[in-house]
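What follows is a set of notes on a single structure, which appears directly below.
The values are calculated or read from the model by the stated rules, or taken from the named source; none is laboratory data. All of these numbers come straight from a predicted model, not from anything done at the bench. Every residue, glycine as well, gets a Cβ built from its backbone with ideal geometry; the counts of neighbours run over all protein chains shown. Accessible surface is based on the protein model in full, side chains and every heavy atom, while ligands, DNA and RNA are left aside. Shrake-Rupley method; radii C 1.70, N 1.55, O 1.52, S 1.80 Å.
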Amino acid sequence: RVRSSAASDVYKRQGMFRPRENTKFDGVLDIKSVDKNAPKAQAKFKTTFKSLNDVLSTSGGFIESQVLLIGAFAGTGKSTLLAQISDKDTLYISSEESYTQINDRMLRVNPDSGAQLLSTTSIDAVLEAIRTTECNLIVIDSLNGIEYGVGWQTVARYAADITKHTQHLSLIHI
């Protein structure tokens, strides 16, 4: 896996990357059957859309460290949906629209959201915002516009780093 060594070194020094637990195979597989009586993860963030909550988890909403990628053709309403589910506990990061454009959409579809808004194409700014926020829902709209390192390498190739960083902080993002 290719990663910019300068950015990687900074994040390692700051303790942002940690090895996954249970990465070594001890020869015993822990395969289990589906169990209706198994404990369920608790929803940490519920949207105002019951049917969406039901699809997200059996607990009815986003669970801790859940990552959800929403993909569809341009103009299908992805950004509008994300604006509608945002609230005061949401950090909404846009790489393709200015603050004014995001704010206008919020005022049109969810004027009382109170969401925090950030417009940037910098992977470093995105990771720092995720690291320092206390919000429970992080929206990144869209991965395609975020630049990684020098030049026009988009972060879509490096989405796993954002996922890992966010899971490390026990936050939720889309």
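For this structure, a couple of remarks:
- Test: residue in region 15-31 that is surrounded by 11 or more Cβ atoms within 10 Å (Cβ to Cβ), modelled with pLDDT of 85 or more, in a loop (DSSP other than H, G, I, E, B) and in contact with a helix residue (DSSP H, G or I) (Cβ under 9 Å, 6 or more places away or on another chain): no
- Residues of region 83-129 that turn out to be part of a helix (DSSP H, G or I), under 21 Å from G61 (Cα atoms) and open to solvent by 40 Å² or more (accessible area, probe 1.4 Å), as a count: 2
- Test result for K50, open to solvent by 40 Å² or more (accessible area, probe 1.4 Å), over 15 Å from the mean Cα position of the chain (by Cα) and closer than 16 Å to N136 by Cα: no
- Among (1) out of contact with any strand residue (DSSP E or B) (no Cβ under 7 Å at 6 or more places or on another chain); (2) touching a residue at least 40 places away in the same chain (Cβ under 8 Å), the one test that T133 misses: (1)
- Scanning region 36-71 for residues that are in a loop (DSSP other than H, G, I, E, B), closer than 19 Å to Q84 by Cα and touching a helix residue (DSSP H, G or I) at 6+ places or on another chain (Cβ under 6 Å) yields K46, T47, G60, G61, I70.
- Number of positions in region 58-68 that are open to solvent by 20 Å² or more (accessible area, probe 1.4 Å) and over 16 Å from the mean Cα position of the chain (by Cα): 2
- Within region 69-82, the set of residues being of a type in the set (S, T, N, Q) and open to solvent by 70 Å² or more (accessible area, probe 1.4 Å) comprises just one member, T76.
- Residue check, T58 polar (S, T, N, Q) and under 25 Å from P111 (Cα atoms): no
- Subset of region 143-164 (residues that are open to solvent by less than 20 Å² (accessible area, probe 1.4 Å) and at pLDDT 60 or above): G145, I146, Y148, D161, I162
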